[in-house]
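Below: the structure, in structure tokens.
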Amino acid sequence: MRNKKIRSLIIAVVLLVTLYFIAPLLVPNLPSFWTGKRLKLGLDLQGGMQVLLEVDYSKLNLSEKDKEVVVKTALEIIRNRIDQFGVAEPIIQRAGKNRIIIQLPGLKNFGRAKELIGKTAQLEFKLFADKDLVKETYDKLDKFLQENYDKYAFLEKVKESDNVENIDVLESEETKTDSLSEEEDHAHIFTSLLSADDIPGNIAYKDIPILKKLLKDKDFKKQIPAGVQIALGKENKKDPYAVRPVYFLRERAELTGKYLENASVKIGQGYDPKTAGKPYVSLKFNKTGAKMFENVTAQNLKKPLAIVLDGIVHSAPVIQDRIRGGEASITGNFTLDECQDLVIILKAGKLPAPVNVIEERTVGPTLGSDSIKAGIMAAIIGMIVVALFMIIYYGLSGLFADIALLINIGFILAIMTMLEGTLTMPGIAGMILTIGMAVDANVLIFERIREELAAGKTVRSAVDAGFSRAAVTILDANITTLITALVLYQFGTGPIKGFAVTLSIGIIGSMFSAIILVKALFDGLVTNVQREKLSI
């Protein structure tokens, strides 16, 4: 009697917990005291974006312990960026030694999210290189490319005009040559590369890949004078194919994002058409940074100061006066979204190492909706077929198994909701699999009861013996499968983990429903009504 009371209490608790957590799935508007937890839908069910990132620390001289720290730090910074971006229920987890999987369900602006995730966020304030160094840079690189032209076949794409402009950045003098020999034809190839629209220091859109390729070449980089950095200007979002400025900066930064205390989006005031009503990013430095910024501005009046983010010059305002208080701004042709993203990146902090996108996958909301419909339809059809089979083959006992099956499905969804888990298509597949496994346990019990009845035992004895003897086999089979599911969860990623979670919960639910719940139903049937026959 005591065992029956304990069993009844367990069943009541399980049913109440199941009802409590599954109710939000069935009833949209519940009282405030009800749980606020909801079952989340995965990327494949509601659409969105998945990105696989690799933390590239190959150029950093790090110990294994430091590499581990770098990956963990990158994971947290990316998590902070995405949290501030406002994506609902993102999934960000580590995969392997130096990879990070990011799933952003429900996301629509894929390009913006990808840019937000991948930026290193290295903020630097740099002065322009001295004019004599800029001239030396042009001369050395022109000469180097002339002497090694055959090595850089891709330079054929750079077309020089008949009148090649030999740019002297200091004096803006032009030297025109009427006829050039083949050797002379390559004399000013770098100068020509940076003379789009005949404007010194500008590069055409089609030539940007050439410049990037040159700047990655070790031999080419050796020719750049010490202390000089060549950097591209920010892309014009309104006209991506427009020419872009190229800057010659001092390699050493006067100030970095290390000293940044806060960043925010503001709207320009006043009557200046260049800034009025336009969004910009306001920066606030800490005490040390404020002092450094004040010194830089005091010592470099009337000089441009480039604001560089990840090697790209976003703006280069001329210092008009000493700036006290540690406040600066990044202005330019920014949209409000661009300003907000820049603030998110700066506030989340600089990534400790570059991250490379290894793989990306997008799922449209329509495909996700179709997946939900297909998954639900498969589950319903499977349940109906199984339920009919059990009733036809086992009669009233089969109906008990069907009741337990429905409760098992509810139990899986309730536990997923309680854990704030994410339901995916593989997860639905795991649920469908547990339908078969739950019925299999009941089939073992029913067949065992049939054998006991055939041996001449009473209904009461046959039921007790059937459950007792089948329980060992059921536990053995389910525990083996549960171990497999745990291994899949431990070593799998993404969809495989989703399958493993629902399978594990389903296995526990099927054992509960078969051994405890169905047994309680049988006990009620046999105890309350003195049966000589059993519908099985």
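For region 286-315: of the residues being touching a residue at least 60 places away in the same chain (Cβ under 8 Å) and part of a loop (DSSP other than H, G, I, E, B), which is nearest to the chain's Cα centre (by Cα)?
D310
Against the condition in contact with a strand residue (DSSP E or B) (Cβ under 9 Å, 6 or more places away or on another chain), part of a loop (DSSP other than H, G, I, E, B) and either in contact (Cβ under 8 Å) with a residue 40 or more places away in the chain or of a type outside the set (A, V, I, L, M, F, W, C) (or both), how does K347 come out, does it pass?
no
Of all residues in region 391-400 being modelled with pLDDT of 90 or more and among the aliphatic types (A, V, I, L, M), which is farthest from the chain's Cα centre (by Cα)?
Among residues in region 391-400 that are modelled with pLDDT of 90 or more and among the aliphatic types (A, V, I, L, M), the one farthest from the chain's Cα centre (by Cα) is I392.
Filter region 84-96 for residues that are in a loop (DSSP other than H, G, I, E, B) and hydrophobic (A, V, I, L, M, F, W, C); which is nearest to L305 (Cα to Cα)?
Result: V87.
Does K131 satisfy the criteria of being surrounded by 17 or more Cβ atoms within 10 Å (Cβ to Cβ) and closer than 30 Å to L305 by Cβ?
So K131 does not fit the description; no.
Could you tell me how many of the residues in region 247-260 are in contact with a helix residue (DSSP H, G or I) (Cβ under 7 Å, 6 or more places away or on another chain) and aliphatic (A, V, I, L, M)?
Qualifying residue count for the region: 2.
Can you spot a residue in region 484-496 that is buried (at least 18 other Cβ atoms within 10 Å of the Cβ) and hydroxyl-bearing (S, T, Y)?
Scanning region 484-496 turns up no residue that is buried (at least 18 other Cβ atoms within 10 Å of the Cβ) and hydroxyl-bearing (S, T, Y).
For E447, are the conditions met, namely being under 20 Å from L396 (Cα atoms), surrounded by fewer than 19 Cβ atoms within 10 Å (Cβ to Cβ), modelled with pLDDT of 85 or more and over 44 Å from the mean Cα position of the chain (by Cα)?
Against the criterion (under 20 Å from L396 (Cα atoms), surrounded by fewer than 19 Cβ atoms within 10 Å (Cβ to Cβ), modelled with pLDDT of 85 or more and over 44 Å from the mean Cα position of the chain (by Cα)), E447 qualifies.
Collect the residues in region 329-342 that are surrounded by 21 or more Cβ atoms within 10 Å (Cβ to Cβ), touching a residue at least 60 places away in the same chain (Cβ under 8 Å) and hydrophobic (A, V, I, L, M, F, W, C), keeping them in residue-number order.
Once the filter is applied, which keeps residues that are surrounded by 21 or more Cβ atoms within 10 Å (Cβ to Cβ), touching a residue at least 60 places away in the same chain (Cβ under 8 Å) and hydrophobic (A, V, I, L, M, F, W, C), region 329-342 yields C339, L342.
Tell me which of these L283 doesn't satisfy, since it passes every other one: (1) closer than 18 Å to V296 by Cα; (2) not in a strand (DSSP E or B).
It is condition (2) that L283 fails.
Got a sec? Which of A441, A429, A455 is of a type in the set (A, V, I, L, M), at pLDDT below 90 and either crowded, with 21+ Cβ neighbours inside 10 Å or touching a strand residue (DSSP E or B) at 6+ places or on another chain (Cβ under 6 Å) (or both)?
On inspection, the qualifying residue turns out to be A441.
Just to be sure I understand, how many residues within region 97-125 are in a strand (DSSP E or B) and of a type in the set (A, V, I, L, M)?
Number satisfying all stated conditions: 5.
For region 136-148, enumerate the residues that are in a helix (DSSP H, G or I) and either touching a strand residue (DSSP E or B) at 6+ places or on another chain (Cβ under 8 Å) or surrounded by fewer than 18 Cβ atoms within 10 Å (Cβ to Cβ) (or both).
Correct list: E136, T137, D139, K140, K143, Q146, E147.
Only residues that are under 24 Å from G86 (Cβ atoms) and of a type in the set (K, R): list them for region 101-157, please.
Within region 101-157, K108, R112, K114, K119 meet the criteria.
Whether any residue in region 321-332 is hydrophobic (A, V, I, L, M, F, W, C), in a strand (DSSP E or B) and within 22 Å of the chain's Cα centre (by Cα) is what I want to check.
no
Would you point out the residue of region 381-401, among those that are closer than 13 Å to D440 by Cα and in contact with a Gly (Cβ under 9 Å, 6 or more places away or on another chain), that is surrounded by the most Cβ atoms within 10 Å (Cβ to Cβ)?
Per the criteria, the residue is M390.
Any residue at all in region 68-86 that's among the acidic types (D, E) and under 30 Å from T297 (Cα atoms)?
No: zero hits.
Which residues, counting only those in region 191-210, are in a helix (DSSP H, G or I) and either closer than 18 Å to E136 by Cα or at pLDDT below 90 (or both)?
Passing the criteria: T191, S192, L193, A196, D197, D198.
Right, S315: closer than 22 Å to K237 by Cβ and either of a type in the set (D, E, K, R) or touching a Leu at 6+ places or on another chain (Cβ under 7 Å) (or both) or not?
Taking the combined requirement at face value, the residue does not satisfy it.
Among K284, K291, K302, which is touching a strand residue (DSSP E or B) at 6+ places or on another chain (Cβ under 9 Å), loosely packed, with under 13 Cβ neighbours inside 10 Å and at pLDDT 90 or above?
K302
Just to be sure before I move on: is I312 at pLDDT 90 or above and out of contact with any Pro (no Cβ under 8 Å at 6 or more places or on another chain) in the structure I sent?
Yes; evaluated as a whole, the condition is true for this residue.
In this structure, does V318 turn out to be among the β-branched types (V, I, T) and in contact (Cβ under 8 Å) with a residue 40 or more places away in the chain?
No, not satisfied.
Go through (1) surrounded by 13 or more Cβ atoms within 10 Å (Cβ to Cβ); (2) over 12 Å from the mean Cα position of the chain (by Cα); (3) closer than 22 Å to L346 by Cα; (4) modelled with pLDDT under 85 and name the single condition I167 misses.
All conditions pass for I167, except number (3).
The values are calculated or read from the model by the stated rules, or taken from the named source; none is laboratory data. Every value quoted in this text rests on a predicted model; they were computed, and no experiment measured them. Note that each Cβ is placed from the backbone with ideal geometry, even for glycine, and that neighbours are counted across all protein chains shown.
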